[in-house]
Amino acid sequence: MNKSFYQQFRLLIGLLIIMIIIIFIKKYYLSHTDDSSIEIAAIDKNCNLHKDSCTTLLSNNRSITFSILPRNIPLLKPLKVQVQIHNINAQAIQIEITGINLDMGRFRTRLKDIGDSLFQGMSSLPVCSKKIMKWQAMVSVKTEQNIISAPFHFETTYTPTFIILE
């Protein structure tokens, strides 16, 4: 047998191994991202995080309450984010804040369990060139059975301050 046959044979075996790995990864990924394991709550249109905490009601007498302090939600300042859960056995809670009217990146905060179903963490928001920036805070609660995601919307206002040097 000649040298080119062995090269072609090795290439064929290599391609088969790569295909098997790709099939395995796809099956593994798809089996772990089943949409039925994610529960997404409805957005409360009456929620105003500038005035008070907001609560999302779920089935089976469960709820997620979210708040941001200080209430004026300043830019470039530390923000205390807090989640209170009711009738949910959470393994972990994370908040991901994203811009709605302009892509400002993703700001993720993993919250700490401080007891009594209360979770807290710190975050901050950047300054944006838009005067009014609309944001979504997605609260994700990981349980043994699934992930519960509850979106909360809020706005920030940017008022530039200029110093005019004479």
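Throughout, read-outs are computed from the coordinates displayed, never taken from laboratory work. These numbers were taken from a predicted model, which means no experiment stands behind them. Note that each Cβ is placed from the backbone with ideal geometry, even for glycine, and that neighbours are counted across all protein chains shown.
Nearest-5 percent of antiparallel DSSP beta bridges in segment 38-157? Walk me through the numbers before you get to the answer.
Details: 45 of 48 bridges.
Counting only bridges with both partners in segment 38-157, antiparallel ones make up about 95 percent.
May I ask for the net charge around Gly121, where only other residues with Cβ less than 9 Å from the Cβ of Gly121 are counted and Lys, Arg are +1 while Asp, Glu are -1?
Working: positive: Lys80, Arg110, Lys112; negative: none.
Around Gly121, the charge tally is +3.
Would you work out if segment 45-166 is rounded, prolate or oblate? Take a ≥ b ≥ c from the square roots of the eigenvalues of the alpha-carbon gyration tensor; rounded if a/c is under 1.5, else prolate when a/b is larger than b/c, oblate otherwise.
Values: a/c = 2.34, a/b = 2.20, b/c = 1.06.
Verdict is prolate for segment 45-166.
Among Tyr158, Tyr6, what is the fewest-to-most ranking by other Cβ atoms within 10 Å? Before the final figure, lay out the partial values.
Values: Tyr158 15, Tyr6 10.
Lowest to highest Cβ neighbour count: Tyr6, Tyr158.
Quick check: net charge around His153, other residues with Cβ under 12 Å of its Cβ, Lys/Arg +1 and Asp/Glu -1? Mind dumping the intermediate values first?
Numbers: positive: Lys45, Lys134; negative: Asp44, Glu155.
Surrounding charge for His153 is 0.
Mind listing the long-range amide H neighbours of Glu39? Cut-off is under 5 Å, sequence gap 5 or more, other chains count too, H placed in the peptide plane at 1.01 Å from N.
Ile147, Ile148, Ser149
Filter the cross-link list Lys45/Lys77; Lys51/Lys80; Lys51/Lys134 down to pairs whose alpha-carbon distance in this structure exceeds 24 Å. It would help to have the intermediate numbers written out before the result.
Details: Lys45/Lys77 26 Å; Lys51/Lys80 15 Å; Lys51/Lys134 16 Å.
Pairs exceeding 24 Å: Lys45/Lys77.
Please give the peptides 133-145, 38-50, 91-103 ranked by average Cβ packing (other Cβ atoms within 10 Å per residue), highest first, as a rough proxy for protection. Working shown, then result.
Details: 133-145: 17.3, 38-50: 13.5, 91-103: 15.7.
So the order, starting with the most tightly packed, is 133-145, 91-103, 38-50.
What residues qualify as long-range amide H neighbours of Arg71, i.e. H under 5 Å apart, gap of 5 or more or another chain, H built at 1.01 Å from N?
none
Please rank Met122, Met104, fewest neighbouring Cβ atoms within 10 Å first, as an exposure proxy. Before the final figure, lay out each step's value.
Working: Met122 11, Met104 17.
With the fewest neighbours first, Met122, Met104 line up as Met122, Met104.
Taking the Cα centre as origin and putting +1 on Lys and Arg beta-carbons and -1 on Asp and Glu beta-carbons, what dipole magnitude results for segment 38-157, to the nearest 20 debye? Working shown, then result.
Working: 14 positive and 9 negative charges, 90 e Å.
The dipole magnitude comes to about 440 debye.
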